[in-house]
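To keep things clear, I will list the structure first and then write my remarks on it.
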Amino acid sequence: MKTILVGYDGSEAAERALARAAELAQALAARIVVVSVFGLGGLPALDPESMPPLPLGGPLPGGGTIPLSTADPESTHELEELAHERLADARTMLSRRGLEGDYVARVGSPADVLLEVADERDADLVVVGSREHGFLERLLARPVEEAVAQRAERDVLLVR
């Protein structure tokens, strides 16, 4: 195993996933790629204009945000900056373990982006955190970890 990709959104589940990915990377002398995604919280098919009023740029249950405007490059840049800020915590955790990683910040659907970056980096394993999802969350969208596990063409580790 040469490359381990881990999704990171700053949540407790993501912290556990990052810790497990770090353990594996150390044990296998693998490269680790940490990906942070801001976007529609796993709801790429919904038109933001047709959604009920939500605080723009505010957090959604399970991570992610509603973009200020999907067509506005300035908003996209702001969201990428927020994703970069998230990655600072991941970088600190990995450096404490003596690991260096690659860090990717993107805007979009978390599951789509994780799978795209896994393909781009030819990851052998995708690691994502998993947690209990409430009824409303499940009603609005499929959890990111489920979407990744179902669609990935490589091994996926769900960390509880």
Nitroxide proxy distance, nm - points 7 Å out along Cα→Cβ at residue 132 and residue 88
3.4 nm
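Around residue 92, what is the net charge, scoring Lys/Arg as +1 and Asp/Glu as -1 over all other residues with Cβ under 13 Å from its Cβ? Display every interim value, and only then the final one.
On the way: positive: 86, 91, 96, 97; negative: 15, 85, 89, 100.
It works out to a net charge of 0.
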Most exposed first, judged by fewest Cβ atoms within 10 angstrom, 107, 144 run 107, 144
Modelling each spin label as a point 7 Å along the Cα-to-Cβ direction, I'd like the residue 96/residue 122 distance in nm, to one decimal.
3.4 nm
Can you sort 18, 99 by how many other beta carbons sit within 10 Å, fewest first?
99, 18
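Can you give the net charge of the other residues whose Cβ lies under 10 Å from the Cβ of residue 105, counting K and R as +1 and D and E as -1? Kindly include the intermediate steps, with their values, before the conclusion.
Values: positive: 86, 106; negative: 80, 81, 85.
Once positives and negatives cancel, what remains is -1.
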Residues with beta-carbon under 12 Å from that of residue 27, excluding residue 27: net charge, scoring Lys, Arg +1 and Asp, Glu -1?
+1
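Bear in mind that the values in this text are calculations on the coordinates, not laboratory data. It should be emphasised that the depicted structure is a prediction, and the values quoted were computed from it without experimental measurement. A quick note on method: Cβ atoms are made from the backbone with ideal geometry, for glycine too, and the neighbour counts reach across all protein chains shown.
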